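Here is the structure we will look at.
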Amino acid sequence: MFIQIPYLMKSDMETKEIIGRDKEKEKLQKAFFSKESEFIAVYGRRRIGKTFLIRHFFSKQKGVFFQVSGIHYADLKVQLKEFKKEIERAFYNEKVELKAPDTWMEAFEMLTNSISMSDKNKKIVLFLDEFPWMATRKSGLLQALDYFWNRFWVDLTNVKLIICGSAASWIIKNILNNKGGLHNRVTLKLNLEPFSLHETKLYLKYLGVKLDNYQILTLYMCIGGVPFYLKSIEKGLSAVQNINHLCFKKDGLLATEFKELFTSLFEERGQHETLIKLIASKRNGISRVELEKHIQHKGGTLTSWLKELETAGFISSFLSFGKERGTYYKIIDEYTLFYLTWVHPNSQSRLQKEITSHYWEIISQTPAWKAWSGYAFESICYKHINNIQKALNVPEGSSATTWRYVPPKKIEEEGAQIDLLFDRPDSSITLCEIKYSSDHFVVDKAEAKELLRKKSVYQKIMKTKKHIFVSMITASRLKKNMYSEELIDSEATLDDLFNC
């Protein structure tokens, strides 16, 4: 076992289990047992389980585990004091008291000396958690890391350095895209994303929560696959009841999470919040041009903010054709979209008087919720492209995208939007229509006509000669009839999205 893992008792390590994350565990395993030093960068949004994964994975390995976590808004002196304490725990079992360093150069020299006195045959993991929070203004942290990695640690084949942080854009800018001595030094990048539907089901089962796929989908549309959120799901309650407790109670975990989320990730939180609210207000996406009309900052500053939101997994960009050409942005984070649509508009009234305990049970039965669910389901489908591709027998090497056409005003023709399409290497294209419903979806005469029209518009505008397949992606199975038999070539269902 490791020597002194802070904040984690041995009993916790033995009883807790890492659910999912199979690819990440495989990569960490390879890095740990490699015969070279390793520089690993782990990033992802708040509450996603980065620290849990690293702690619990390495707790099962033999060696020395050094972990220190940056403290939000703490000054340099406090950060260095904590760093010293963790060296004393990991390397000296708290039997030696070291002199507090005044700079990061001194702190890393102290760490290097401690490494040199350790058994050379033992693996040494240096886990610098919430690293961006350590990098206070004029702290010299990056310069010190640069020097000690290149001067000492890179030559120590038993050292595995892990830099971790929730501020994904900071990690990418300052570590992965570093222009100085850390350029191209990272040997492994782990962008930890929310659980897939499959992993969410596994995790809920691990917690003793028994829900079917449709109930889990309902939860996922509102809170996504964030492990910390899912951990608060109460067994014995339906998805709707759990959402009501989490989001619409005064003390609900997710009633105030939005503000805390942006505060922890972005220094200029206000601008990021303004942007995310503008993007959320447009169901089919909002263009860069339209964003510039509402945001004072343009050019590189706006580009930087949009990249930060995209890197953190809140938004996604896509291209549009026709009159409204250019880059568009959509919300892809389930909790953010749900909060801004359903929770935030009620926040002021809730502060004065708590919403009825059955509030969400009532709202979830309204036409407004059913319409919004279709939008949320589309977003989830985009995150499970590989599952859909497999279910529809789309060959490897196909590119997936969305498509829409808005005709010029002077031209009297209808536009079209295609939810998802696969441009395939076998001279074919699969056009997908995504439909959310609690019952079997029925392709009636009007629906069939609309699908054929979209197909025709796409062929005309794109001038493609490829063969076009039409597929359906449904939350409930497609009900077969004369229209579906004639028009629909293949179908992906909710159960397909849950496959591993």
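The values are calculated or read from the model by the stated rules, or taken from the named source; none is laboratory data. None of these values were measured; they are calculated from a predicted model. When we count neighbours, we look across all protein chains shown, and the Cβ atoms used for this are built from the backbone with ideal geometry, even at glycine. Accessible surface is based on the protein model in full, side chains and every heavy atom, while ligands, DNA and RNA are left aside. Shrake-Rupley method; radii C 1.70, N 1.55, O 1.52, S 1.80 Å.
Observations, loosely collected:
- From the options Asp426, Asp419, residue that is at pLDDT 95 or above and among the charged types (D, E, K, R): Asp426
- Inspection of the stretch 406-415 finds no residue satisfying the criterion of being out of contact with any His (no Cβ under 7 Å at 6 or more places or on another chain) and surrounded by 18 or more Cβ atoms within 10 Å (Cβ to Cβ).
- In this structure, Leu278 does satisfy being touching a helix residue (DSSP H, G or I) at 6+ places or on another chain (Cβ under 7 Å), under 22 Å from Ser317 (Cβ atoms) and in a helix (DSSP H, G or I).
Matching residues to (1) in contact with a strand residue (DSSP E or B) (Cβ under 8 Å, 6 or more places away or on another chain); (2) not aliphatic (A, V, I, L, M):
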site	(1), (2)
Lys120	no, yes
Ala135	no, no
Asn150	no, yes
Ser169	no, yes
Ile172	yes, no
Leu176	yes, no
Glu193	no, yes
Leu197	no, no
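- Flag for Lys249 being over 17 Å from Ile216 (Cα atoms), open to solvent by 10 Å² or more (accessible area, probe 1.4 Å), part of a helix (DSSP H, G or I) and among the basic types (Lys, Arg): no
- Entry remark, the stretch 421-465: residues being more than 16 Å from Tyr405 (Cα to Cα), in contact (Cβ under 8 Å) with a residue 24 or more places away in the chain and assigned to a helix (DSSP H, G or I) number 3 in total.
- Test: residue in the stretch 375-386 that is of a type outside the set (Phe, Trp, Tyr), modelled with pLDDT of 90 or more and surrounded by fewer than 16 Cβ atoms within 10 Å (Cβ to Cβ): yes
- Contacts under 9 angstrom Cβ, first residue in the stretch 236-264 being of a type in the set (Lys, Arg), partner open to solvent by 40 Å² or more (accessible area, probe 1.4 Å), 6 or more apart: Lys249/Glu354; Lys249/Ser357; Lys250/Leu351; Lys250/Glu354; Lys259/Arg269
- Ile163 closer than 30 Å to His72 by Cα, open to solvent by less than 30 Å² (accessible area, probe 1.4 Å) and at pLDDT 95 or above: yes
- The residues in the stretch 391-423 that are over 25 Å from Glu447 (Cα atoms) and of a type in the set (Lys, Arg) can be counted, and the count is 2.
- When the stretch 481-492 is filtered for residues that are surrounded by fewer than 18 Cβ atoms within 10 Å (Cβ to Cβ) and either part of a strand (DSSP E or B) or among the β-branched types (Val, Ile, Thr) (or both), only Ser490 remains.
- Among the residues of the stretch 423-438, at least one is open to solvent by 60 Å² or more (accessible area, probe 1.4 Å), under 27 Å from His198 (Cα atoms) and not charged (D, E, K, R).
- Pick from the stretch 177-198, criterion touching a residue at least 40 places away in the same chain (Cβ under 8 Å) and open to solvent by less than 30 Å² (accessible area, probe 1.4 Å), ranking: farthest from Ile315 (Cα to Cα): Leu182
- Within the stretch 208-232, residues that are open to solvent by 20 Å² or more (accessible area, probe 1.4 Å) have Cβ atoms under 9 Å from residues that are of a type in the set (Gly, Ala, Ser) and assigned to a helix (DSSP H, G or I) in these pairs: Leu211/Ala239; Tyr214/Ala239; Gln215/Ala239, counting only partners at least 6 apart in sequence or on another chain.
- Residue satisfying all of: in the stretch 439-467; closer than 23 Å to Trp372 by Cα and of a type in the set (D, E, K, R); most open to solvent (accessible area, probe 1.4 Å) among these: Asp439
- Of residues in the stretch 387-402 being touching a residue at least 40 places away in the same chain (Cβ under 8 Å) and touching a strand residue (DSSP E or B) at 6+ places or on another chain (Cβ under 8 Å), the one most open to solvent (accessible area, probe 1.4 Å): Asn393
- Members of the stretch 204-228 that are more than 24 Å from Phe248 (Cα to Cα) and among the hydroxyl-bearing types (Ser, Thr, Tyr): Tyr206
- Matching option when the condition is more than 21 Å from Phe57 (Cα to Cα), open to solvent by less than 80 Å² (accessible area, probe 1.4 Å), without any contact (Cβ under 8 Å) to a residue 24 or more places away in the chain and not charged (D, E, K, R), among Leu145, Leu111, Leu98: Leu98
- Tally, over the stretch 468-480, of residues that are open to solvent by 30 Å² or more (accessible area, probe 1.4 Å) and assigned to a loop (DSSP other than H, G, I, E, B): 2
- In the stretch 83-95, the residues that are open to solvent by less than 60 Å² (accessible area, probe 1.4 Å) and without any contact (Cβ under 8 Å) to a residue 60 or more places away in the chain: Phe83, Lys84, Ile87, Glu88, Tyr92
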